[in-house]
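Have a look at the structure below before the remarks.
Only the coordinates and a few stated rules stand behind these numbers; no lab work does. Predicted model only: the values in this text are computed from it and were never measured. All Cβ positions, glycine included, derive from the backbone under ideal geometry; neighbour counts span all protein chains shown.
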Amino acid sequence: MEILFRPIVTEKMTAQSETLNRFGFVVDRRANKIEIRQAVEKMYNVSVLEVNTMNYGGKRKSRFTKAGLLTGRTNHFKKAIVTLKEGDTIDFYSNI
């Protein structure tokens with residue numbers, strides 16, 4: 001089962017990674033904190049101290065077009081904030 005979908009690269013997460021050594025990921029909704037910890041440690045070869053998770057529900061969205069009103073829904077997802085041991089870091093831009 002693939003647990004980590006993508007990293008969260010925003011201004012807020014970049015600031016937290018520089019000051020608090022925290023990194024954010026969008027993860028599988030069925031994954032628990034232990035599985036997330038193991039996946040991050042295996043993929044990035046770092047030591048994880050703490051994992052915080054948040055579930056986000058999808059929102060209803062509508063927009064007006066030439067064809068009329070289109071309604072839909074955004075995806076629901078789970079976000080994990082991972083705190084690493086002092087001295088460890090993750091470089092998301094090394095493969096670019």
Charge tally for neighbours of VAL51 with beta carbon under 9 Å away, counting Lys, Arg as +1 and Asp, Glu as -1, is +1
To the nearest 10 degrees, the tilt of helix 33-44 (Cα long axis) against the first principal axis of the alpha carbons of the chain is 70 degrees
Would you kindly derive the ³J(HN,Hα) couplings of the stretch 45-57 from the backbone phi angles with the Karplus curve 6.51 cos²θ - 1.76 cosθ + 1.60 (θ = phi - 60°), listing them in order in whole Hz, with x for Gly and Pro? 6, 10, 9, 9, 8, 8, 10, 10, 10, 9, 9, 10, x
May I ask for the net charge around VAL9, where only other residues with Cβ less than 15 Å from the Cβ of VAL9 are counted and Lys, Arg are +1 while Asp, Glu are -1? +1
What is the spin-label model distance, in nm, from ASP91 to LEU49 if the labels are put 7 Å beyond Cα along the C-beta direction? 2.3 nm
Unit charges on C-beta of K, R, D, E only; dipole of the stretch 4-84, Debye: 680 debye
